[in-house]
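Structure, as structure tokens:
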């Protein structure tokens, strides 16, 4: 085509363009982010948003409220009239008692003080005259902290040991002997013995749950690593002289993201269930540490005559367990690359 031709005389649907080699090599597609894609898939389900909001409310009640409304188990233990009161009886008695004390001091209860007393005893009182509402907040905090700490320790150790276990054949031979010995000892029995030996405090209980809790996670991941360790890209990295830790961290573990998240989804609620069960049968946390299991144990003898002592901790323990499991499973599904390719 003659470049001297006036472009105005050409069809307006056509125009001359400049060719730029650099511009032609530029990628105009948006930058891909794996985790942004994961969370986009995750938040697409409305049930996840509902579960997150519910869990945030439980966290606020468990960690924020106790800062302003501390729980004191022996607060009313000297007043026998406060023991085992139903919600309506506890509110009426505590308001009457507070008004009498205020009148003796020449003052009156404010609307804010009345609202605080009503909220404090909205679930009644326990066997020591303690506020079940405040006890529930403190017990939920302990159970959530226990689950998070144990899951963090067991998952971290389990993932690291499992990756090395599945990659190194020499390490595999040693770990299989250890696993075969410990796997034949019932987990509940091992925890019970450790609690009896080292005590039933919070950190003692954490130690009992984590001293061997990582082993089963590591064994499961060992099998998964063995499946993918000899794939072409891993063999190519080894032939190029890539260090083994880098091969594990860059080639193997990222491929197992959804598997690790699935494990975490089952681990978190399992520790709450374990704490509730062991405290319920009397070998969990000590009596000085408020826990959902101990609350259930205290209220189970009168769950028909005094349901306000039994059902609140049961409902909260069930809610926390279900929320963590559902969120974990849905996050595991969203982190599967096949769901957002």
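Within the stretch 289-306, how many residues are in contact with a helix residue (DSSP H, G or I) (Cβ under 8 Å, 6 or more places away or on another chain) and part of a helix (DSSP H, G or I)?
10
All but one of (1) assigned to a helix (DSSP H, G or I); (2) free of Cβ contacts under 8 Å to residues at least 60 places away in the same chain; (3) within 30 Å of residue 89 (Cα to Cα) hold for residue 309, so report the exception by its number.
(2)
Being surrounded by fewer than 19 Cβ atoms within 10 Å (Cβ to Cβ), at negative phi and under 24 Å from the mean Cα position of the chain (by Cα): is that true of residue 187 here?
Here the answer is yes, as residue 187 does meet what is asked.
Test residue 208 against the criterion of being buried (at least 19 other Cβ atoms within 10 Å of the Cβ), touching a residue at least 40 places away in the same chain (Cβ under 8 Å) and out of contact with any strand residue (DSSP E or B) (no Cβ under 8 Å at 6 or more places or on another chain), and give yes or no.
No: the conditions fail for residue 208.
Within the stretch 115-128, how many residues are farther than 19 Å from residue 293 by Cα and buried (at least 22 other Cβ atoms within 10 Å of the Cβ)?
Residues in the stretch 115-128 being farther than 19 Å from residue 293 by Cα and buried (at least 22 other Cβ atoms within 10 Å of the Cβ): 1 in total.
Given the options 173, 152, name the one that is surrounded by fewer than 23 Cβ atoms within 10 Å (Cβ to Cβ), without any contact (Cβ under 8 Å) to a residue 24 or more places away in the chain and within 22 Å of the chain's Cα centre (by Cα).
Among 173, 152, only 152 is surrounded by fewer than 23 Cβ atoms within 10 Å (Cβ to Cβ), without any contact (Cβ under 8 Å) to a residue 24 or more places away in the chain and within 22 Å of the chain's Cα centre (by Cα).
Name the residue, out of 258, 286, 279, 249, that is surrounded by 14 or more Cβ atoms within 10 Å (Cβ to Cβ), touching a helix residue (DSSP H, G or I) at 6+ places or on another chain (Cβ under 9 Å) and within 20 Å of residue 160 (Cα to Cα).
Answer to the check: 258.
May I ask you to say which residue of 295, 274, 306 is surrounded by 22 or more Cβ atoms within 10 Å (Cβ to Cβ) and over 24 Å from residue 152 (Cβ atoms)?
Result: 295 is the single residue among 295, 274, 306 that is surrounded by 22 or more Cβ atoms within 10 Å (Cβ to Cβ) and over 24 Å from residue 152 (Cβ atoms).
Mind listing whichever residues of the stretch 60-107 are in contact (Cβ under 8 Å) with a residue 60 or more places away in the chain and surrounded by 14 or more Cβ atoms within 10 Å (Cβ to Cβ)?
61, 62, 63, 65, 66, 69, 71, 73, 84, 86, 87 - these are the residues of the stretch 60-107 that are in contact (Cβ under 8 Å) with a residue 60 or more places away in the chain and surrounded by 14 or more Cβ atoms within 10 Å (Cβ to Cβ).
Take residue 80 and decide whether it is within 24 Å of the chain's Cα centre (by Cα) and on the phi < 0 side of the Ramachandran plot.
no
Whether any residue in the stretch 88-98 is modelled with pLDDT under 85 and either closer than 16 Å to residue 135 by Cβ or part of a loop (DSSP other than H, G, I, E, B) (or both) is what I want to check.
no
The values are calculated or read from the model by the stated rules, or taken from the named source; none is laboratory data. Given the structure is predicted, the values throughout are model-derived calculations rather than measurements. Please note: Cβ atoms are built from the backbone with ideal geometry, for glycine as well, and neighbour counts cover all protein chains shown.
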